[in-house]
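Scroll down for the structure; my scribbles are underneath it.
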Amino acid sequence: MNPIAAMDDTIVALATPQGVGAIAVIRLSGNEAISIVNEVFKGRDLSKQESHTIHFGTIRDGEKILDEVLVSLFIAPKSFTKENVVEISTHGSPFIIKQMIQLFLRKGARLARAGEFTKRAFMNGQFDLAQAEAVADLIHSDSEAAHAAAMNQMRGGFSAEIAALREQLIHFASMIELELDFSEEDVEFADRQQLQGLVDRLQEVIKKLVDSFDLGNVIKNGVPTVIAGKPNAGKSTLLNALLNEEKAIVSDIAGTTRDFIEDEIHLEGLSFRFIDTAGLRETEDKVEAIGVERTREKMKQAAVIIYLFDLAEERLEDIQAEVAKLQEGTIPFIKVGNKMDKAKPEILEALQQEEGWIFISAGQKENLEELKDQLVSKVNMQEIKAGNTVVTNARHYESLIRTQQALDNVTNAIVAQIPGDLMAMDIREALHYLGEISGTVTTDDLLENIFSKFCIGK
Ligand code: GDP
């Protein structure tokens, strides 16, 4: 499919969610957007109005009035897609919406495919690919941190920085290719030292971005959190206490229909996702060895571990031995003494002398706030708070890693004084992967893959 040819037509879709609502917005984009609407709109002549104006009137199918509407006009190129765009606010009745969209289809528009408005915006140079993807992330962001990261990326994020460095690299690539034309004469147009300097600068920027992906992943998908501990320590009691509070908070927000995501809680703008809670909810009276094995496995996937000790049952030596084992691992953990209400006094006293303990009663829901504070403190949010760019997209991450490798090859080629033509290949490869991020280099498959994940109307 030729993407340019496919953009000649005018597309239409519902831009607001399906179902009944106070208002629904139908959006059209394309050369004929204004004339198609004008044909069925009774009110001012839309073809004579200025861009960025709103007009009240009725939409009619023949003599039949479908609805009273507000029509917003955006004349090319001053619109989201850089094409003519008309947005029609109707009453939010699925019947009206269906009638109206069918009317526009009869008048020459065609139904938009998933993500097609955003794809057109990208194709017409409104923003680069990474920014287009951020639009999708923004729509799906369900925590403050995810929102901040998507917003930063949508507004440019690392796009400008990468584009500037890519420009310089292109300059070097062409210098080296010039050398190839003069290969008989053994001249060097591309200063190797300068090239190395540029490669180093690029590597520095890219490393920062690559490193930020750990945090980015956590922001986008939630912090994988594990509640561990011996059978009967109170793990499922704690999980239920935390999740029930979350449920109460979510349903307290009047008028919202936000979905409650099972096994996830929101703290300080981050979401914490509890891993393998199905296992926790089963009673653990099966073979204990299986339970222990499973706990080890899931602890490996965690970014934070809440480790529960039963202050009423466990012996001090056992607790201390277990803590020592935990300290050998690399994953941050929180030592939590549970069943404070029934704690053996000598154990409680002994542990209170040690650093870093939190004492709770999951059963009585006591001191859970302190535990939550600790959870938040285990995730380094400085990057996001400082407004730094954080890579949250796995596709960008992969391209960055490939760029790193290609740049390593360039460095090796410089050091080994390898002929220009081979070095030019490595530089081209680095340019290719960098270009993939911004969409300077794309394939139909890649675009299809990205935009098909958008919803229709976006
Ligand atoms: P799990 O095996 O680690 O998931 O432990 P459970 O959550 O099933 O709890 C084991 C038992 O300890 C249950 O009878 C709970 O009611 C009890 N329990 C959990 N938390 C507390 C607590 O804070 N205080 C007391 N007294 N009992 C608790």
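At-a-glance table
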| read-out | value |
| --- | --- |
| Enumeration of residues in the stretch 58-95 that are under 22 Å from Asn31 (Cβ atoms), touching a strand residue (DSSP E or B) at 6+ places or on another chain (Cβ under 6 Å) and not hydrophobic (A, V, I, L, M, F, W, C) | Ser72, Ser79, Thr81, Glu83, Glu87 |
| Spans of helices (runs of 4 or more DSSP H) in the stretch 311-412 with at least 1 residues at pLDDT 90 or above, under 22 Å from the mean Cα position of the chain (by Cα) and on the phi < 0 side of the Ramachandran plot | 368-377 |
| Residue list for the stretch 325-345, filter: under 18 Å from Leu375 (Cα atoms) and aliphatic (A, V, I, L, M) | Leu326, Ile331, Ile334, Val336 |
| Cβ pairs under 6 Å, 6+ apart, first in the stretch 227-242 and within 6 Å of the ligand (Cβ to nearest atom), second acidic (Asp, Glu) | Pro231/Glu284; Ala233/Asp310 |
| Some residue of the stretch 331-339 being of a type in the set (Gly, Ala, Ser), without any contact (Cβ under 8 Å) to a residue 40 or more places away in the chain and in contact with a Leu (Cβ under 6 Å, 6 or more places away or on another chain) | yes |
| Those residues of the stretch 33-45 which are surrounded by fewer than 20 Cβ atoms within 10 Å (Cβ to Cβ) and in contact (Cβ under 8 Å) with a residue 40 or more places away in the chain, in sequence order | Glu39, Val40 |
| Of all residues making up the stretch 98-145, the number that are hydrophobic (A, V, I, L, M, F, W, C) and either out of contact with any strand residue (DSSP E or B) (no Cβ under 8 Å at 6 or more places or on another chain) or surrounded by fewer than 19 Cβ atoms within 10 Å (Cβ to Cβ) (or both) | 16 |
| Qualifying residue in the stretch 89-97 (condition: surrounded by fewer than 17 Cβ atoms within 10 Å (Cβ to Cβ), over 27 Å from Ile139 (Cβ atoms) and not aliphatic (A, V, I, L, M)) | no |
| Residue satisfying all of: in the stretch 302-325; in contact (Cβ under 8 Å) with a residue 40 or more places away in the chain and aliphatic (A, V, I, L, M); farthest from the ligand (Cβ to nearest atom) among these | Ala303 |
| Matching entry among Lys339, Lys335 (being near the ligand (Cβ under 10 Å from one of its atoms), crowded, with 16+ Cβ neighbours inside 10 Å, of a type in the set (D, E, K, R) and closer than 17 Å to Ala233 by Cβ) | Lys339 |
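The values are calculated or read from the model by the stated rules, or taken from the named source; none is laboratory data. All figures in this text were calculated on a predicted structure; none of them were measured in a lab. Counting neighbours? That spans all protein chains shown, and the Cβs are built from the backbone with ideal geometry, glycine included.
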